[in-house]
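Enquirer: Handing you a structure now.
The values are calculated or read from the model by the stated rules, or taken from the named source; none is laboratory data. What you see is a predicted model, and the numbers here were worked out from it, not measured in a lab. We place every Cβ from the backbone using ideal geometry, glycine too, and count neighbours over all the protein chains shown. The area values use the complete protein model at the heavy-atom level, side chains included, leaving out ligands, DNA and RNA. Shrake-Rupley method; radii C 1.70, N 1.55, O 1.52, S 1.80 Å.
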Amino acid sequence: MKRSRPVLLVAPSVQEARDDAIGPWFERIVPGAWKKPLPSLVVVPTRGHINDLKTRLIAKGCSHLGLQFVTPARLHALLARNDATPPAKPECLRLLLAIAANEMEGRPNESEALAAKAVARTPALLLRALDRLETAGWKFEELALPSFAPVVQRFNELLKKCDFVLPGETARRRLQEAAHGERKFSHVLITGFDGAHWADWFLLRAVVELAENTTIVIEEPRENFSDIDLCWIGSWEEVCGEAQRALKPAGHLVIRFLLKRKCAEAPKRQSASIF
């Protein structure tokens with residue numbers, strides 16, 4: 001099936017995102033999810049988000065049969081199943097970086113030797129920085145940090161010898177493949193992400209390309225918003241088109257109004273809305 005254009009919804013707050021976007025999505029998708037030949041996916045940043053959504057569904061007596069709830073780590077593993085070669089494990093990358101640093105500890109340049117010793121002691125910090133640079137499309141040389149250059153150069157040589165790449169490069173390649181690949185998901189909901197999740201950008205873009213229908217729900221930045229949050233929304237608008245305000249359909253609003261009147265008369269009754 002041909003992929004429809006993703007829908008980008010912006011809500012002023014978490015509660016309005018639940019009421020006006022996330023809840024209606026579940027009401028529309030859950031009843032027929034188990035009938036679809038392809039699974040439907042809910043992508044959120046943390047396990048806490050998953051537990052919250054599942055708790056709300058269970059509290060309303062709704063099944064989530066046919067839905068898969070995943071965090072970025074779980075999504076990465078899910079998409080990696082069809083990779084020709086398995087991605088390099090983080091511990092293997094840390095080991096290679098530590099080896100590269102150990103080889104550079106004896107350099108005559110004092111600043112280079114001290115930098116190598118620091119990396120050998122805690123390779124995870126530099127590895128994380130290198131992966132973020134890769135995700136952003138930057139080269140380490142652009143940072144003008146000559147003290148760390150020998151370690152990074154040797155690390156890149158070891159990566160090529162082992163046929164490893166950083167996770168950021170893996171996600172970038174997966175996005176390119178997904179744009180021309182088969183659809184793997186029927187409906188996808190992406191919610192809870194903001195400008196603090198740039199490391200997951202290519203991963204999220206890949207799952208959008210692999211879905212027949214995608215809805216992205218973003219909370220509107222507060223008064224003290226940053227350029228990062230604006231850039232996050234703007235980047236999604238390049239993919240989905242102009243963001244839409246999360247609003248319930250008119251018929252749903254009427255139902256909610258009537259339900260609120262009923263609840264006012266009988267406070268013990270529960271609303272029919274999932275959230």
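Enquirer: Local charge sum around L143 (other residues, Cβ-Cβ under 13 Å, Lys/Arg +1, Asp/Glu -1)?
Expert: -1
Enquirer: Moving on. How compact is the range 172-223 by the rule of thumb for globular proteins, expressed as Cα Rg over 2.2 N^0.38 Å? Numbers along the way, then the final one.
Expert: Values: Rg = 12.2 Å, N = 52, 2.2 N^0.38 = 9.9 Å.
Against the compact-globule rule of thumb, the ratio is 1.23.
Enquirer: Okay, next question. For the range 1-95, give the magnitude of the charge dipole about the Cα centre (Cβ charges: +1 Lys/Arg, -1 Asp/Glu; no others), in debye to the nearest 20.
Expert: Details: 15 positive and 7 negative charges, 71 e Å.
The dipole magnitude comes to about 340 debye.
Enquirer: Among DSSP beta bridges lying fully in the chain, give the percent that are antiparallel, nearest 5.
Expert: In the chain, approximately 0 percent of DSSP beta bridges are antiparallel ones.
Enquirer: What 222 nm value per residue comes from the helices of the chain, counting each DSSP H run with n ≥ 4 as -39,500 (n - 2.57) and dividing by all residues, nearest 500 deg cm²/dmol? If you can, show how the numbers build up before the last one.
Expert: Numbers: 12 runs with 142 residues, N = 275.
Mean residue ellipticity at 222 nm (helix-derived): -16000 deg cm²/dmol.
Enquirer: Just the number please: accessible area per residue for the chain, 1.4 Å probe, all protein chains included, in Å². Write down the numbers at each step before the final one.
Expert: Details: 15600 Å² over 275 residues.
Accessible surface, normalised per residue, equals 57 Å².
Enquirer: If you wrap a convex hull around the Cα atoms of the range 9-69, how much volume per residue is inside, in Å³?
Expert: On the way: hull volume 5.5 nm³, N = 61.
Spelled out: Cα convex hull of the range 9-69, divided by residues, is 90 Å³.
Enquirer: At 1.4 Å probe size, with the rest of the protein present, what percent of the exposed accessible area of the chain is carbon and sulfur atoms?
Expert: Result for the chain: 55 percent of the exposed heavy-atom area is carbon or sulfur.
Enquirer: Divide, for the range 125-221, the radius of gyration over alpha carbons by 2.2 N^0.38 Å, where N is the residue count.
Expert: Details: Rg = 16.4 Å, N = 97, 2.2 N^0.38 = 12.5 Å.
In units of the 2.2 N^0.38 Å rule of thumb, it is 1.31.
Enquirer: Then there's this: Using a simple charge model, +1 on the beta-carbon of Lys and Arg, -1 on the beta-carbon of Asp and Glu, nothing else, what dipole does the range 106-204 show about its Cα centre, in debye to the nearest 20?
Expert: On the way: 14 positive and 13 negative charges, 48 e Å.
Here the size comes out at about 240 debye.
Enquirer: Only Lys, Arg, Asp and Glu count, each charged at its Cβ (+1, +1, -1, -1), so figure out the dipole size of the range 52-125 about its Cα centre, rounded to 20 debye. List each step's numbers first, then the result.
Expert: Details: 10 positive and 7 negative charges, 118 e Å.
Value, rounded to 20: 560 debye.
Enquirer: Moving to a separate point now. Can you give the convex hull volume per residue for the Cα atoms of the range 100-139, as a whole number of Å³? Could you put the intermediate results ahead of the total?
Expert: Working: hull volume 2.7 nm³, N = 40.
Considering the Cα atoms of the range 100-139, their hull volume per residue is 67 Å³.
Enquirer: Starting with the highest mean, order 182-194, 102-114 by the number of other Cβ atoms within 10 Å, averaged over the residues of each peptide.
Expert: Details: 182-194: 20.2, 102-114: 14.1.
So the peptides 182-194, 102-114, ranked by packing, come out 182-194, 102-114.
Enquirer: Could you compute how fast the range 1-146 diffuses translationally, taking Rh as the Kirkwood radius over C-alpha pairs and applying Stokes-Einstein at 10 °C with viscosity 1.306 mPa s? Give it in µm² per second.
Expert: Values: Rh = 19.6 Å.
Value of D from the Cα-based Kirkwood radius: 81 µm²/s.
Enquirer: Any idea which of I99, W201, I218 is furthest toward the positive side of the dipole for the chain, if Lys and Arg beta-carbons carry +1 and Asp and Glu beta-carbons -1?
Expert: The listed residue farthest towards the positive side: I218.
Enquirer: Against the 2.2 N^0.38 Å scaling, with N counting residues, where does the chain land? I'd like the Cα-based Rg ratio to two decimal places.
Expert: 1.23
Enquirer: A follow-up question, please. What FRET efficiency comes out for K117 versus S13 if R0 is 45 angstrom and r is the Cβ-Cβ distance? Round to the nearest 0.05.
Expert: Numbers: r = 48 Å, r/R0 = 1.07.
Once the sixth-power term is evaluated, E becomes 0.40.
Enquirer: Measure out, as a whole number of angstrom, how far apart the alpha-carbon centroids of the range 30-54 and the range 155-229 sit.
Expert: Result: 18 Å between the Cα centres.
Enquirer: Now for a separate question. Once every Cα of the range 76-167 carries one equal point scatterer and solvent is ignored, give the base-10 log of I(q)/I(0) from the Debye formula at q = 0.19, 0.24, 0.26 Å⁻¹, two decimals.
Expert: -0.87, -1.27, -1.42
Enquirer: Would you be so kind as to identify which of P123, S147, A80 lies farthest towards the positive end of the dipole of the range 30-170, taking Lys and Arg as +1 and Asp and Glu as -1 on Cβ and the Cα centre as origin?
Expert: A80
Enquirer: Take peptides 40-51, 234-245 and line them up by average Cβ neighbours within 10 Å, highest first, as a rough protection proxy. Show your work: numbers first, answer last.
Expert: Details: 40-51: 18.0, 234-245: 13.3.
Order by mean packing, descending: 40-51, 234-245.
Enquirer: Roughly how many whole Å is it from the C-alpha centroid of the range 1-21 to that of the range 113-145?
Expert: Comparing the Cα centres of the range 1-21 and the range 113-145, I get a distance of 36 Å.
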